[in-house]
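Okay, so here's the structure we're looking at.
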Amino acid sequence: MAVVAAVIVVIGVVLISLLLAGGGSASDSATTEELTAEPSPPLVESLQDLAATAGATPAAEDAAPDFSVPTLIGEGFTLSDHLATDGRPVILNLWASWCFPCREEMPTFDAFQIAHPEVAVVGVAVQDDQVAAEEFAVEIGVGYTIGFDEKDVVNTEYSPLGLPATFWISEDRQIVKRLFGLVTDESLEADLSFFSE
């Protein structure tokens, strides 16, 4: 968490410095088009590079860190074992019982898992009290694999920048996409393409 906080502070300082460096009023030299334009790619890339070099969240195309967690049904789930024996790519969703957006998207994952058995959806509760997480999972009642990060390994290795956080992990254990925020039916369907590239 300290690394994430440091990255946020550094990004904030960079953005404030850029704003102050512009100086003057918008009417002095900038057109409406310039004011509404999105940040240039070099700026975005440098901020992404800054977050990556701080050692926080694994990026797309990184090897997915291995992990083992107990599950709601009393079995364990180990990423490397699953990929070696089952072989299906994994959509790893990190959630917590106190996370309202997590509650909102879990039925979406459940419907997606039913529609796409060729992919394994795995939800892991992180940054949470295990009893509260178990009660939450039972209340939501989803059918996909639900695990609990009781040793804080998944949270440490994946370092989500917020919850919910979702990682698409290919059959060869590469992270091919990551998302911080809500998924939708449409985005999940579209993102299946990441497993065929």
Fully extended, how many nm does the chain gain between Glu61 and Ala132 (0.36 nm per residue separation, minus their Cα-Cα distance)?
22.2 nm
Sorted by mean Cβ packing within 10 Å, highest first, what order do the peptides 171-181, 70-80, 89-99 take?
89-99, 171-181, 70-80
Length added when fully stretched, Ala115-Glu139, from 0.36 nm per residue minus Cα-Cα
6.5 nm
Going by a ≥ b ≥ c, the root eigenvalues of the Cα gyration tensor, does the range 68-195 fall in the rounded group (a/c under 1.5), the prolate group (a/b larger than b/c) or the oblate group?
rounded
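Coordinate-derived values only; no laboratory data. Keep in mind it's a predicted model, so treat the numbers as computed, not measured. Reconstructed Cβ throughout: ideal geometry from the backbone, glycine too, with neighbour counts over all protein chains shown.
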